[in-house]
Amino acid sequence: MALKGVLSAIVTPFSPDGEQIDEAALRKLVDQNIADGVDGFVPAGGTGEFSVLSHQERLKLVEIVVEQSAGRVAVLAHTGATSSREAIAFSKHAERVGASAIMLATPYYEPIGFEEAFAYYAAVADATSLPICAYNFPPATGLHLDVDFLVRLATEIPQVKYVKDSSASIVQMNTLLSDHADRITFLNGEDVLMLPAVMMRAPGMVMGVANFMAPGLARLHRAGQADDAATIAAIWRQMNPVIRILGSGPYNSGVKAACEILGLPAGPVRAPIRPYAPAQVEKLKAALSAIDPALLTGAGR
């Protein structure tokens, strides 16, 4: 199943005390996101708070999302880890339970370079037959996967077919879409670059805001593919204030707060990340109330 359109970087709902994954809420969120128009999910990604999940929780999360999706949409399981060994274990599991593809952030904390990163992707490719999406998020990993490296990856490791780029580099996005679309498929992972990405007809996006704004994103993507600039501009102007709010604070806290405001139980974020303060919630609520309800999740309607 090809990765395209709107992929929801799905949150991980937790119980009120934050100790357990709220499986019922997660299954409800999967169904609602599909009803809202997403083309796929990315479980255990950054918006899914993978860094605070145990190994077993990450396995369980992917299993639930794959099972609940039931082949209706793609599932791009994030299987990146700090060691090749663990990334291989996560990737084998994702293939075994039926994920469509795997996404790999490069190892973080311990600094690595391009050769180590290449060996990491090659080792996972040797261990699984799933398509691979490289995940470029240098603020979190410390390594920027530049155009030359990504083209090398896709050329020398044929399973690397996609990149989720969250580098916020409009130059890199422009180059990948304009010069290398035949080598690697660009998936926009940066909210603030949504407008130029859609205008350039990027084939897909991976967005945390898809948890609660999938109808608008789906409409935006379709308008981009149709070169409907007027519709793109009209939708973006409504979404932009919310995206700016989310970008100014703890992102995962904001996405979960928006879900709760709009009737999608998501539970708390896990410590040490802090939840939105009451004043932040009110500001977000006001911004959401100014958006055409048809662009937001149908959960509360």
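In segment 120-161, one over the average inverse separation of all distinct C-alpha pairs is 10.8 Å, which is the Kirkwood hydrodynamic radius. Distance from the alpha carbon centroid of segment 28-50 to that of segment 239-256 works out to 17 angstrom.
The value of relative contact order for segment 113-213, using C-alpha pairs under 8 Å at least six residues apart, is 22 percent. By the Cα gyration tensor, segment 5-300 has an equivalent ellipsoid whose semi-axes, rounded to whole angstrom, run 28, 23, 17 from largest to smallest.
Cβ-to-Cβ counts within 10 Å put I232, I261, I132 in ascending order as I261, I232, I132, the fewest first. I need the Kirkwood Rh of segment 1-59: take the reciprocal of the average 1/r across all distinct C-alpha pairs and report it in angstrom. Computed over segment 1-59, the radius equals 12.2 Å. Once Rh for segment 199-301 is found with the Kirkwood sum over Cα pairs, what is the Stokes-Einstein diffusion coefficient at 4 °C and 1.567 mPa s, in µm²/s? Approximately 91 µm²/s, per Stokes-Einstein. Mean separation of Cα pairs under 8 Å and 6+ residues apart, divided by the residue count of the chain: what relative contact order is that in percent? It comes to 21 percent, rounded to a whole number. In terms of overall dimensions, segment 68-205 has a Cα radius of gyration and Dmax of 14.3, 40 angstrom.
Placing +1 at every Lys and Arg Cβ and -1 at every Asp and Glu Cβ, with all other atoms neutral, what dipole size does segment 191-301 have around its Cα centre, in debye to the nearest 20?
Values: 11 positive and 6 negative charges, 41 e Å.
Magnitude of the dipole: close to 200 debye.
Inter-label distance, H55 to D292: 4.9 nm, where each label sits 7 Å from its Cα along the C-beta direction. Ranked by the mean number of other Cβ atoms within 10 Å per residue, highest first, peptides 18-31, 86-99 order as 86-99, 18-31. Summing Cβ point charges (Lys, Arg +1; Asp, Glu -1) relative to the Cα centre of segment 119-209 gives a dipole of roughly 160 debye.
Convert 10 °C to kelvin, take the viscosity as 1.306 mPa s, use the Kirkwood radius over C-alpha pairs of segment 13-111 as Rh, and evaluate the Stokes-Einstein diffusion coefficient in µm²/s, rounded to a whole number.
The estimated diffusion coefficient comes to 116 µm²/s.
Less than 5 angstrom separates the built amide H of T185 from those of Y162, V163, all sequence-distant by 5 or more or on a different chain. Computed over segment 169-235, relative contact order equals 27 percent, with contacts defined as Cα pairs under 8 Å that lie 6+ residues apart.
Each value in this text was obtained by applying a stated rule to the coordinates, not by laboratory testing. Everything quoted here is computed from the prediction, not taken from an experiment. Virtual Cβ from ideal backbone geometry, glycine too; neighbours counted across all protein chains shown.
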